[in-house]
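Taking it in order: structure first as structure tokens, then the write-up.
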Amino acid sequence: MQEEKEIDPAAVKELEERFDPEVRFRPLGRYAGYVAATLLFCLSLFHYYTAGFGLLREVNHRGVHLAFVLSLIFIVFAATKKGQDTLYPSSLWRPLGLPVYDWLFALAAAVASLYVPWIFNDLAFRVGNPLPIDVVMGTVMIVVLLEATRRSMGWPLPVIAIIVMAYAIFGQSAPGVLVHPGSDWKTLVNHLYLTSQGIYGLPVGVVATYVFHFVLFGVLATRIGLGRLFIDFASAFAGRFSGGPAKVSVFSSALLGSISGSSIANTVTTGALTIPAMIRIGYQRHFAAAVEAASSTGGQITPPVMGAAAFLMIEFLGVSYTTIITAAIVPAAMHFFGVLCQVHFEAKRLGLRGLTREELPKVGVILKRDWPTLIPLFLLIGILLQGFTPYLAAFWGITACIVIGLVNPLNRIKVKDVVDAFVLGAKYALAVGAAAATVGIIIGVVTLTGVSFKIAYMVTSTAGQWAEMIGPYIPFGVMEVSTLTLLITLILTAIVCIVMGCGIPTTATYLIMVSVAAPVLGLLGIAPIVAHFFVFYYGVLADITPPVALAAYAGAGIANANPFKAGNTAFRLGMGKALVPFVFVFSPSLLLVTDGFTWQAFALAFTGTVVGITALSAAFAGWLWGPLYLLERWVLAVAAILLVAPEFTSTAIGLGILALVLLRQIFFGFEHVPPRRTAESEAST
């Protein structure tokens, strides 16, 4: 077997840039680099200071944030793919090594962003009746925002924003119930630029007051060695079991994802270590890539950080952060449990070993070397649980990272490393800042036209009609028309979330779907927190759903595997994440914090989900106690669906089916089952 080696950091960085447009920064010359680094450091310093010593007035805070973010995007992101690899020399037309139009865009972005805070005291007299200069500045803002978003994350989101603005203007020509009187450009700019319902709305506010700080915390925590501790600890804990490196991948991705919140970054960071190790012990290349990708997408749903969407939920739902992370605990655990089950059954099917004692790190050595790096994380979680604001918790977490990093003799960093982390943290936050402002355009059009309620009516009406058609054909009447209507609505919503997520980052997908899909679920009586979690989970699932499974493709780049095959396998491994949202819609007790929570309902839903995910994993892998007949695999898949349906009768039937298959294996053996394939036979094919 060919020996697989860990890939070097430069290759990891190249892979991350190839598959994640949000970190695809262009090379900068000496002087442009100084300007960019200074502005990036000032942006981080601004957020760090205000988090600890008090935020500015809301519109001022958001305006300063946008001025920095949009201006910097025109400096660190190129306008074209060719420009991403081109280092320009300084000249009359390229001052400081950048094209003149980039400096003009940056200046226009700064002026347009700060204009609204500047005239804020007069807004009460101008909203609804803007001056010509207001319309001009608003137009400039929309243009530079769309271009900044295109540069930092591609065409899909700006195109959607342009389409919805066209809908706002030409609504009188829309078909059916979507028709509305239409708005002129002046009215549209007034709503999107001068009110808090558009560009300066809630999404930008959340990024400027919550998300930025946790991105910076994740960068600093990784810089002082917390990520290394997580990976080493996962290796020591899970590496010795059958198929050890794959289980290390699951645990390390869960731990690292809890502070990073980025699927692609998590995939390439931990995958550089785990994917070669998985291939080395006998896993197929595409499977190794898929395991890492499926595990890494769990980072965005894993407390305490959970990516940007968790902080958006706080503002949308008006609940505490503690409520959000409490609700996320069980569904996140179910995702990783599902991946772990399939990894285990695959290892048993192939007869794979675990890591040897010599290959395993020692827990004592790990903790002795890196235990101080846990202090910032525990401090951050403790402050959050005390009920303080997330940005204050992030402030103290960042401060603790700096102090620990500077004084820890076993992994000491320099002041230069802190400055570099502030610069890098700001860079990582640029794209999500632009996306949030662009989503503000979409949300602004939704509130201006009322289209969300029209879409909700269309979807629920269609689902109701389909339910009435299908209902008579369901045997034994096990599902009422109302339940079937809800199920069809959930399926349609899930499909739209996945399709949207194929070209749009998770945070933007969540914001759009909350504006459009949450009202749909609300009409069917779904609690707001349940509806928000449903669209959030399916938005995250897009990172491992072909044809645009970016996390899986990044893993395939490390494994040198077929990307589409890796994406399909990653989607299969992530089926636990696909099932659980349906469970907590029908049994909200799984989220722990919903109204009417009972431990009895939770126990039924939890048990059914655990056993159901196990049965489905066995069906996919073709292995339970031993190899499975093809018919048994189909039977187990049906049993899994019955088990995750949180109702006693269906759970009992599912348990009975699972028990019959298991008893058949235990008492009658595997004489007539196709022989087990080994790692060697897999490699030969």
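The values are calculated or read from the model by the stated rules, or taken from the named source; none is laboratory data. Here the structure is a predicted model, which means the values were calculated and not measured. All Cβ positions, glycine included, derive from the backbone under ideal geometry; neighbour counts span all protein chains shown. SASA here: full protein model, heavy atoms, side chains in, ligands and nucleic acids out. Shrake-Rupley method; radii C 1.70, N 1.55, O 1.52, S 1.80 Å.
Among the residues making up region 220-254, those that are hydroxyl-bearing (Ser, Thr, Tyr) and under 25 Å from PHE345 (Cβ atoms) are SER235, SER242, SER249, SER252, SER253.
A Cβ distance below 6 Å, combined with a sequence gap of six or more or placement on separate chains, defines the contacts here; from region 216-227, residues that are on the phi > 0 side of the Ramachandran plot reach residues that are open to solvent by less than 10 Å² (accessible area, probe 1.4 Å) in the pairs GLY225/ASP370; GLY225/THR373. Under the condition of being in contact with a Phe, Trp or Tyr (Cβ under 9 Å, 6 or more places away or on another chain) and β-branched (Val, Ile, Thr), the residues counted in region 636-660 number 1. Of all the numbered requirements in (1) in contact (Cβ under 8 Å) with a residue 40 or more places away in the chain; (2) closer than 19 Å to ILE544 by Cβ, ALA277 misses one, and that requirement is (2). Within region 622-639, the residues that satisfy the criterion of being touching a residue at least 40 places away in the same chain (Cβ under 8 Å) and among the hydrophobic types (A, V, I, L, M, F, W, C) are TRP623, LEU624, TRP625, LEU628.
Inside region 112-128, residues that are open to solvent by 40 Å² or more (accessible area, probe 1.4 Å) and either among the aromatic types (Phe, Trp, Tyr) or free of Cβ contacts under 8 Å to residues at least 40 places away in the same chain (or both) make up a count of 6. Would you confirm whether or not region 573-594 contains a residue that is surrounded by fewer than 24 Cβ atoms within 10 Å (Cβ to Cβ), among the charged types (D, E, K, R) and outside any loop (DSSP other than H, G, I, E, B)? Looking through region 573-594, none of the residues is surrounded by fewer than 24 Cβ atoms within 10 Å (Cβ to Cβ), among the charged types (D, E, K, R) and outside any loop (DSSP other than H, G, I, E, B). Return a yes/no flag: does region 53-63 have any residue that is out of contact with any strand residue (DSSP E or B) (no Cβ under 6 Å at 6 or more places or on another chain), modelled with pLDDT of 95 or more and open to solvent by less than 10 Å² (accessible area, probe 1.4 Å). Yes: region 53-63 contains one or more residues that are out of contact with any strand residue (DSSP E or B) (no Cβ under 6 Å at 6 or more places or on another chain), modelled with pLDDT of 95 or more and open to solvent by less than 10 Å² (accessible area, probe 1.4 Å).
Looking for something outside any loop (DSSP other than H, G, I, E, B) and open to solvent by 50 Å² or more (accessible area, probe 1.4 Å) - is there at least one such residue anywhere in region 80-90? Taking every residue of region 80-90 in turn, at least one turns out to be outside any loop (DSSP other than H, G, I, E, B) and open to solvent by 50 Å² or more (accessible area, probe 1.4 Å). For residues that are over 26 Å from ALA640 (Cα atoms) and without any contact (Cβ under 8 Å) to a residue 60 or more places away in the chain, tally how many sit in region 564-595. The total comes to 1. Within region 144-168, if we keep just the residues that are open to solvent by 20 Å² or more (accessible area, probe 1.4 Å) and touching a helix residue (DSSP H, G or I) at 6+ places or on another chain (Cβ under 8 Å), the residue that is modelled with the lowest pLDDT turns out to be GLY154.
Residue-level check: of (1) open to solvent by 40 Å² or more (accessible area, probe 1.4 Å); (2) in a loop (DSSP other than H, G, I, E, B); (3) modelled with pLDDT of 85 or more; (4) not hydroxyl-bearing (Ser, Thr, Tyr), ILE526 misses just (1). Taking region 402-512 and the helices (runs of 4 or more DSSP H) fully enclosed by it, the elements with 2 or more residues that are open to solvent by 20 Å² or more (accessible area, probe 1.4 Å) and of a type in the set (D, E, K, R) are at 415-449, 451-470.
Can you find a residue in region 91-98 that is open to solvent by 20 Å² or more (accessible area, probe 1.4 Å), within 19 Å of VAL59 (Cα to Cα) and not in a helix (DSSP H, G or I)? Checking region 91-98: not a single residue is open to solvent by 20 Å² or more (accessible area, probe 1.4 Å), within 19 Å of VAL59 (Cα to Cα) and not in a helix (DSSP H, G or I). Residues of region 179-212 that are farther than 16 Å from THR139 by Cα, open to solvent by less than 40 Å² (accessible area, probe 1.4 Å) and assigned to a helix (DSSP H, G or I): PRO203, VAL204, GLY205, VAL206, VAL207, ALA208, THR209, TYR210, VAL211, PHE212.
Annotation note: of THR302, THR322, the sole residue that is surrounded by fewer than 24 Cβ atoms within 10 Å (Cβ to Cβ) and of a type in the set (Ser, Thr, Tyr) is THR322. As for region 543-566, it holds at least one residue that is of a type in the set (Phe, Trp, Tyr), open to solvent by 20 Å² or more (accessible area, probe 1.4 Å) and either part of a helix (DSSP H, G or I) or at pLDDT 85 or above (or both). Within region 364-381, the residues that satisfy the criterion of being surrounded by fewer than 13 Cβ atoms within 10 Å (Cβ to Cβ) and not aromatic (Phe, Trp, Tyr) are GLY364, VAL365, LYS368. Could you tell me whether any residue of region 248-269 is open to solvent by less than 10 Å² (accessible area, probe 1.4 Å), over 25 Å from ILE381 (Cβ atoms) and outside any helix (DSSP H, G or I)? No, the conditions are met nowhere in region 248-269.
Conditions (1) touching a residue at least 60 places away in the same chain (Cβ under 8 Å); (2) among the small types (Gly, Ala, Ser), marked per residue:
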site: ILE329; (1), (2): yes, no
site: MET334; (1), (2): yes, no
site: GLN342; (1), (2): yes, no
site: ARG349; (1), (2): yes, no
site: VAL365; (1), (2): no, no
site: ILE381; (1), (2): yes, no
site: PHE388; (1), (2): no, no
site: TYR391; (1), (2): yes, no
site: ALA394; (1), (2): yes, yes
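The residue that is nearest to VAL432 (Cα to Cα), among those in region 217-247 that are open to solvent by 10 Å² or more (accessible area, probe 1.4 Å) and in contact with a Gly (Cβ under 6 Å, 6 or more places away or on another chain), is VAL219.
Among the conditions (1) farther than 24 Å from LEU590 by Cα; (2) not in a helix (DSSP H, G or I), the only one that MET306 does not satisfy is (1).
If you go through region 149-178 and keep only what is touching a His at 6+ places or on another chain (Cβ under 8 Å) and either among the basic types (Lys, Arg) or in a helix (DSSP H, G or I) (or both), you end up with GLY171, GLN172.
Counting residues in region 664-675 that are modelled with pLDDT of 85 or more, of a type outside the set (Phe, Trp, Tyr), out of contact with any Phe, Trp or Tyr (no Cβ under 7 Å at 6 or more places or on another chain) and assigned to a helix (DSSP H, G or I) gives one or more.
If the condition is being within 27 Å of the chain's Cα centre (by Cα) and open to solvent by 20 Å² or more (accessible area, probe 1.4 Å), then region 601-643 contributes PHE602, PHE606, THR607, VAL610, VAL611, THR614, LEU616, PHE620, ILE641.
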